[in-house]
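The block underneath contains the structure these notes are about, expressed in structure tokens.
What follows is calculated from the coordinates using simple rules that are stated; it is not laboratory data. Small disclaimer: the values here were computed from a predicted structure and weren't measured. Here the Cβ positions follow ideal geometry from the backbone for every residue, glycine too, while neighbour counts run over all protein chains shown.
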Amino acid sequence: MKIVTAESAGFCFGVRKAVDIVYREAGGPGPVYTYGPIIHNQAVVEDLEKKGVRVLRSEEELAEVKGGVIVTRSHGVSRAEEERLRRTGARVVDATCPFVKRIHRTVEKESAQGSEIVIIGNPDHPEVKGIMGWSHTPVTVISNEEEARSYIPRGDGQICVVAQTTFNANKFKDFIAILQQRGYNILCVNTICSATHERQAEAREIARIADTMIVIGDSSSSNSAKLYEICRKECPDTQFIQSWRDLQLPPAGGDGVVGITAGASVPSTIIEEVQLHVRAEF
């Protein structure tokens, strides 16, 4: 049995930056909070909690903060949320992924000039909710082909289209093509980050040659779910796991290829544990 692990698997630049910031702040004298989970990985969040970092999950919990440090999550926050954080009196440290921050600035600028904003992504994802909060004009979120085909602009001006950084790159192109076919005045800004492009392309190539494909990621991770979706199309035996404990491997001794990839919020330690347990089975 041959094991092929994606070179792009694991932490991307933005996630590593955010996690490093929180671990550094955790060594300080005062209380440290993150506004929402710093990344979508429960193992990392639990390890930070052991170091005294508390996750703020509601407005009520935020209202109780008296000083200390609040770190914004890698997914970013809306303009209104950012202002609320600063009103607490805590020192606010911005750990927003630079690629997400770029979308905030694009949406803020284009909407201020009158453009209607369309975001291609998951409307329930914190990154998308944060992006929406930087627009001065109405925002529409498109998450599937049906919504792309049924979309009708609110006005007759320019439409600025951006994407959730971890959205499926091929689907993004398809949805843009649908909107262009309708003849709308579109400014398309492809904001899917380079790490997502690379990770999705590599996962697809490995899945094409794999007999069993393993995608490691937290159940709440959007980019990990996209990897699973992509790999499942190429390799029917694709497993979505959070750790080695979830593995369901074929009997030892068989021939073939086991492919491994991981979402952008998966630490290298978890990837290494999965690799070790796959090797142990064969």
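Just a few scattered comments:
- 5 angstrom amide H check on residue 95, placed H, neighbours 5+ away: 72
- Computed helical MRE - 222 nm, the chain, DSSP H runs ≥ 4 contributing -39500 (n - 2.57), nearest 500: -13000 deg cm²/dmol
- Note on the chain: dipole from Cβ charges, positive end direction compared against 169, 23, 92; the farthest Cα belongs to 92.
- Placed amide H near residue 239: partners under 5 Å, 5+ positions off or other chain: 213, 214, 215
- (i) 62, 57, 25; (ii) 64, 42, 36; (iii) 75, 49, 45, with the label sought being that of the calculated Cα extents along the principal axes in Å: (i)
- The residue among 231, 195, 137 whose Cα reaches farthest toward the positive pole of the charge dipole of the chain, with charges on the beta-carbon of Lys, Arg, Asp and Glu, is 137.
- Taking Cα centre as origin and charging only the Cβ of basic (Lys, Arg, +1) and acidic (Asp, Glu, -1) residues, the dipole magnitude of the stretch 155-282 rounds to 400 debye.
- Gained length - residue 187 relative to residue 151, 0.36 nm times residue gap less alpha-carbon distance: 11.4 nm
- Highest average first, the peptides 90-103, 205-218, 24-37 ordered by how many other beta carbon atoms sit within 10 Å of their residues are 205-218, 90-103, 24-37.
- Reducing the stretch 90-106 and the stretch 1-74 to their Cα centroids gives an inter-centroid distance of 15 Å.
- For the stretch 150-169 versus the stretch 223-282, the gap between their alpha-carbon centres in whole angstrom: 34 Å
- Backbone HN-Hα couplings from phi across the stretch 122-130 [Karplus 6.51/-1.76/1.60, Hz, Gly and Pro as x]: 8, x, 8, 7, x, 4, 5, 4, x
- Evaluated with a Cβ-only charge set (Lys, Arg +1; Asp, Glu -1), the chain carries a dipole of roughly 720 debye about its Cα centre, given to the nearest 20.
- What the Cα convex hull of the stretch 60-113 gives, in volume per residue, is 78 Å³.
- Residue-by-residue Karplus 3J(HN,Hα) for the stretch 132-141, coefficients 6.51, -1.76, 1.60, Hz, glycine and proline x: 4, x, 10, 8, 8, 10, x, 10, 10, 10
- Dipole of the chain [Lys/Arg +1, Asp/Glu -1 at C-beta], most positive-end residue of 185, 68, 113: 113
- Within the shell of other residues whose beta carbon sits under 12 angstrom from the beta carbon of residue 132, the net charge comes to -2, with Lys and Arg scored +1 and Asp and Glu -1.
- For residue 161, the residues 5 or more places off, or on other chains, whose built amide H falls under 5 Å of its own are 118, 187, 188, 189.
- Global form of the stretch 35-144, assessed from the alpha-carbon gyration tensor, a/c cut-off 1.5: prolate
- The overall shape of the stretch 99-188, judged from the alpha-carbon gyration tensor, is oblate: a/c is not under 1.5, and a/b is no greater than b/c.
- Distance between modelled label sites at residue 277 and residue 248, nm, 7 Å Cα→Cβ extension: 1.4 nm
- Charges were assigned to the Cβ only: +1 to each Lys and Arg, -1 to each Asp and Glu. The resulting dipole of the stretch 9-148 about its Cα centre is roughly 760 debye.
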